[in-house]
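Q: One structure follows; several queries about it will come next.
The values are calculated or read from the model by the stated rules, or taken from the named source; none is laboratory data. Computed from a prediction, not measured in an experiment: that's the story for all the values here. A quick note on method: Cβ atoms are made from the backbone with ideal geometry, for glycine too, and the neighbour counts reach across all protein chains shown. Surface areas here come from the heavy atoms of the whole protein model, side chains and all, with no ligands, DNA or RNA. Shrake-Rupley method; radii C 1.70, N 1.55, O 1.52, S 1.80 Å.
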Amino acid sequence: MARFLTNKHILLGITGSIAAYKSADLVRRLREAGAIVRVAMTENAKQFITPLTMQAVSGFPVHDHLFDSAAEAAMGHIELARWADLILIAPATADFMARLATGMADDLLTTLCLATKAPIALAPAMNQGMWRATLTQENEARLKKSGVILLGPAEGDQACGDVGPGRMMEPADLLQKVNELFRTGTLAGCRVLITAGPTHEAIDPVRYFSNNSSGKMGYALAEAAREAGAAVTLVSGPVQQKPPAGVTMLPVVSAQEMYAAVMRNIGEYDIFLAVAAVSDYRSQTIATQKIHKTDGLMSISLERNPDIAASVGALPDHPFIVGFAAETENVIESAMQKRQRKNLDLIVANRVGDGVGMGSDDNEVTVLGEELTLHLPKTTKQKLARELIAIIAERFKK
Ligand code: PMT
């Protein structure tokens, strides 16, 4: 089962080989596994499969020109290179391998490969003689040396009648290989407890107060921790997010429920990520019937909720704790103070407000710890979560 592809941004490059007919099936399988797939095609690829087919199966317009002003306005090639979590070229011809190996950027696909920071994987497809040719073998070695991942080729009957190495791997096998690329293993054997989302603090049977937390950051971290090999439990306030596969869910509503769920279980965990935007206060009384309006002002007395992160930080044998701090001003100073006050190993400071950080798809944060100040620039919460998990894993192991 391909469990690590949920929400992954895969940029599929198609070059001019007869195996391009399999690319449509590959897109379908990647999407079924939860990936978001965009397609870039070379001119030669269009001789074997149409952009319309690839648009229909991917759900996005195909990218095929470096100098297309309409396409650049919609999503420029640098933006596309940044969007990708992985560039997968399937099929990759001998010609494409040669051009990539020499660092050429004379069409959209080679330009994307040079511009991206994402890993690049190639599924070669060519005649067995072309694959065995010394120059192709040298290009393969050079690509591998510069970090390009080679998936295949497979061996067997070829479209030209030859038999030997050079067939593109079957889409089902490619799916499994691509899935494995996202398994990092940095938290293998660890147990991670995460709080996410807002809490709802009831006022009467039909009303509550809350905040704009969507749960996106906490859910992305749960997914990234699971990909890193951890056993993950997510204590989630009420959100609209789909529960990540392979993660144990503990749904809660109020801060008191979240506190109880965490404190009941925390002894079993190695790492605690407090991502939830927990309400600091709750209504002192919850009306048993709907409150009706009256003239004049209305007031509600609030009392403090328990501080979950601080309570975990006060445990004598506490796990490695990572807090989050959502601030609208003095972001770094306030986050540093919170880290000390709550006895956290790390705190992730994020500026919120004006549609940034809370509720949004993107976030930009600074990780603060003992002798650590690390700024992570704005990106999707999924990518950020993977970066954060890599940092957390490294600090945890220290
Ligand atoms: O859910 P999203 O829309 O993706 O948005 C993500 C986020 C902005 C909510 C998230 O990145 C974030 O910053 N979460 C912390 C929100 C916050 O306001 O924290 P705080 O400054 O109130 O608290 C600091 C830390 O203590 C946090 O780790 C918090 O989870 C924890 N805390 C706070 C209060 C409380 N009663 N119990 C706690 O555990």
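Q: Can you name the helices (runs of 4 or more DSSP H) wholly within the stretch 1-83 that have at least 2 residues being hydrophobic (A, V, I, L, M, F, W, C) and modelled with pLDDT under 95?
A: 69-74, 77-83
Q: Looking at Ile389, is it under 14 Å from Val275 (Cβ atoms), open to solvent by less than 30 Å² (accessible area, probe 1.4 Å) and part of a helix (DSSP H, G or I)?
A: On the way: under 14 Å from Val275 (Cβ atoms): yes; open to solvent by less than 30 Å² (accessible area, probe 1.4 Å): yes; part of a helix (DSSP H, G or I): yes.
Criteria met by Ile389.
Q: Name the residue, out of Phe320, Phe324, that is assigned by TED's automatic domain parsing to the domain that holds Leu234, within 18 Å of Leu193 (Cα to Cα) and within 12 Å of the ligand (Cβ to nearest atom).
A: None of the others qualify; the one that does is Phe324.
To keep it simple, each residue is scored yes or no on (1) out of contact with any Pro (no Cβ under 7 Å at 6 or more places or on another chain); (2) assigned by TED's automatic domain parsing to the domain that holds Ile266; (3) under 21 Å from Asn44 (Cα atoms).
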site: Thr93; (1), (2), (3): yes, no, yes
site: Ala105; (1), (2), (3): yes, no, yes
site: Ala115; (1), (2), (3): yes, no, no
site: Pro119; (1), (2), (3): yes, no, no
site: Glu138; (1), (2), (3): yes, no, no
site: Lys144; (1), (2), (3): yes, no, no
site: Gly152; (1), (2), (3): no, no, no
site: Asp162; (1), (2), (3): yes, no, no
site: Leu175; (1), (2), (3): yes, no, no
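Q: Can you confirm whether the stretch 171-194 contains a residue that is under 30 Å from Tyr21 (Cβ atoms) and among the small types (Gly, Ala, Ser)?
A: Yes.
Q: While we're looking at this one, here's another question. Scan the stretch 147-170 residue by residue and report those that are surrounded by fewer than 20 Cβ atoms within 10 Å (Cβ to Cβ) and within 16 Å of Ala121 (Cα to Cα).
A: Those that are surrounded by fewer than 20 Cβ atoms within 10 Å (Cβ to Cβ) and within 16 Å of Ala121 (Cα to Cα): Gly147, Ile149, Leu150, Ala154, Glu170.
Q: Please verify whether Leu143 is open to solvent by less than 70 Å² (accessible area, probe 1.4 Å), within 24 Å of Ile271 (Cα to Cα), more than 16 Å from the ligand (Cβ to nearest atom) and modelled with pLDDT of 95 or more, treating the condition exactly as stated.
A: no
Q: Exactly one condition in (1) within 25 Å of the chain's Cα centre (by Cα); (2) within 28 Å of Asp345 (Cβ to Cβ) is not met by Pro238; state its number.
A: (2)
Q: Please pick out the residue among Ala224, Ala231, Ala220, Ala274 that is away from the ligand (no atom under 14 Å from the Cβ), among the small types (Gly, Ala, Ser) and within 22 Å of the chain's Cα centre (by Cα).
A: Just a single option satisfies the conditions, and that option is Ala231.
Q: Which residue out of Leu112, Leu66, Leu100 is closer than 27 Å to Leu384 by Cβ and surrounded by 15 or more Cβ atoms within 10 Å (Cβ to Cβ)?
A: Numbers: Leu66 fails: closer than 27 Å to Leu384 by Cβ; Leu100 fails: closer than 27 Å to Leu384 by Cβ.
Checking each option against the conditions leaves just Leu112.
Q: Same structure, new question: What number of residues within the stretch 346-394 satisfy the criterion of being within 12 Å of the ligand (Cβ to nearest atom) and not hydrophobic (A, V, I, L, M, F, W, C)?
A: Adding up the residues that qualify gives 15.
Q: Can you give me the number of residues within the stretch 115-136 that are within 18 Å of Met169 (Cα to Cα) and open to solvent by 40 Å² or more (accessible area, probe 1.4 Å)? Write out each step before concluding.
A: So in the stretch 115-136, the residues within 18 Å of Met169 (Cα to Cα) come out as 120-132, 136.
With the extra rule that they be open to solvent by 40 Å² or more (accessible area, probe 1.4 Å), the set shrinks to 127, 130, 132.
Residues meeting the conditions: 3.
Q: So, one more: Just checking, which of Thr195, Thr186 is assigned to a loop (DSSP other than H, G, I, E, B), open to solvent by less than 60 Å² (accessible area, probe 1.4 Å) and outside the structural domain of Met41 (by TED's automatic domain parsing)?
A: Answer to the selection: Thr186.
Q: Considering only the stretch 84-95, how many residues are acidic (Asp, Glu) and part of a helix (DSSP H, G or I)?
A: So the count comes out to 1.
Q: Would you mind telling me which numbered condition in (1) more than 14 Å from the ligand (Cβ to nearest atom); (2) at negative phi Gly246 fails?
A: (2)
Q: Would you please name the residue that is farthest from the ligand (Cβ to nearest atom), looking only at residues in the stretch 198-211 that are assigned to a loop (DSSP other than H, G, I, E, B) and within 26 Å of Thr248 (Cβ to Cβ)?
A: Residue satisfying both the conditions and the ranking: His200.
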